[in-house]
Structures are given as C-alpha cells and as structure tokens.
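The next block holds one structure in the form of structure tokens; read it before the comments.
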Amino acid sequence: MARNPRGANAAPIPPMEDSSSPYYLYPSDNPSFQLVPHVLTGSNYINWSRSITTTLLAKNKLAFINGTLLRPTEDDLLFPAWLRCNSMVVSWLRNSISAQICSSIMYIDNAHEIWSDLRDRFSQLDTARAYQLRQKIMSLTQGNDDVNTYFTNLRILWDEYRHSQPIAWCVCGTCRCNRASKWNNYQEEECSM
C-alpha cells in the first residue's frame with residue numbers, strides 16, 4: 001500500500017493531484033503538443049510508434065494507449081479525470097500524425113482505440129519495404145565514411161528491418177521450447193550474413 005506523504009491520518013492524495021498517477025496533468029501539458037518531431041506518414045510506423053511509447057511512458061500516460069487503463073463507467077469518481085487525460089492523449093496522438101491519416105481517425109475519441117487502429121493498419125509486414133531494406137543492407141558500403149558512420153547507417157537499416165519481421169513467440173506456455181532464443185540467434189545470423 002502506498003504511503004501518504006501528508007501523514008498517516010491525512011486524507012489520501014486524489015489521483016489528479018498525485019504526480020505519480022496517470023491521471024495527473026502537468027501545468028505545461030496542453031492539447032496542441034506534438035509528442036514526437038516526426039509525424040506518422042505510414043511507412044515510418046515502427047520508428048514513430050517506438051518514439052510515441054517512449055514519450056508517453058515518460059509522461060506517465062502509456063496506460064491510456066496500451067489498454068491497461070480502460071474507460072471507467074460514467075458513475076465512477078475517476079471518470080472525469082480519465083476523460084480529461086484520455087482527451088489530452090488523443091490530441092497528442094492526432095498532432096503526431098500526418099493530416100491524411102489523422103482524418104481517418106478523427107472520429108475515434110478513445111486513445112487506446114486510436115492506437116489499436118494505427119497498429120492494425122501500419123504494423124503489418126510490408127513485404128515491399130522489407131525487400132527495400134534488405135537491398136539497402138546488402139548494397140551498403142563504407143565508401144568515404146568513417147567506421148562509426150558506416151556502422152551507424154548499417155545499424156539503422158538493420159534495426160528497422162529486424163523490427164519489421166514477425167516475432168516468433170513461445171508456443172509452449174512455459175518457454176521450454178527456447179523459441180525466443182532461437183529467433184534471436186536467427187536474427188544475429190542474418191545480421192552477420
């Protein structure tokens with residue numbers, strides 16, 4: 001149980017006033033804020049989604065998009081706070097998406113539903129993009145670049161390619177199959193090749 005910094009007999013801090021609560025909004029939080037410098041255009045979904053989740057984790061609002069903090073019933077005391085914070089996250093997401101994509105989610109008012117919709121549409125393996133990345137990886141040469149620049153360029157391509165691949169999840173339930181380790185080894189071998 002969390003300790004109350006006001007003392008043992010004091011009333012608990014309301015979630016809207018507790019800076020460790022996902023319901024807390026900082027005075028600097030506003031609906032016009034753009035979460036990440038590059039908006040979602042479709043083909044940049046993997047990098048964009050990783051940047052968004054990092055930013056929302058830092059702002060303690062990740063629970064609004066990952067489904068762990070679902071909409072409470074309207075008679076719940078936290079409903080107004082949830083509605084306010086969800087609306088803020090929805091605004092942030094809309095500001096971090098290209099105008100065309102934003103118009104396709106304009107009438108979705110739940111941050112988790114927006115996140116799920118974008119994930120379903122843009123996280124699918126794009127075979128053309130995977131092929132393009134493999135070609136870039138295979139044709140990349142050091143040329144006049146120093147080793148650090150060459151390795152950084154290779155790493156950028158490789159990481160995007162690796163994160164665009166389907167993930168081989170454990171199917172045994174107790175992870176005796178060692179499938180995740182085998183998948184990681186396969187990825188490392190691919191990188192070496």
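With a Förster radius of 35 Å, plug the Cβ-Cβ distance of ALA130 and ASP109 into 1/(1 + (r/R0)^6) and report the FRET value to the nearest 0.05. Walk me through the intermediate numbers first.
Details: r = 34 Å, r/R0 = 0.97.
With R0 = 35 Å, the Cβ-Cβ based efficiency is 0.55.
At an R0 of 30 angstrom, the distance between the Cβ atoms of ASN47 and VAL147 translates into a FRET efficiency of 0.80.
Calculate, in nm to one decimal, what PHE79 and SER19 gain on full extension: separation in residues at 0.36 nm each, minus their alpha carbon distance.
Values: separation 60, 0.36 × 60 = 21.60 nm, distance 1.79 nm.
That pair, PHE79 and SER19, stretches by 19.8 nm at full extension.
In order along the range 72-80, the Karplus-derived 3J(HN,Hα) couplings, from 6.51 cos²θ - 1.76 cosθ + 1.60 at θ = phi - 60°, round to x, 5, 5, 8, 6, 4, 8, 4, x Hz, and Gly and Pro are given as x.
Just so you know, all these numbers are worked out from the coordinates, no wet-lab data involved. Worth saying up front: this structure is predicted, and the values here are computed from it rather than measured. Glycine also receives a Cβ, built like all others from the backbone with ideal geometry; neighbour counts cover every protein chain displayed.
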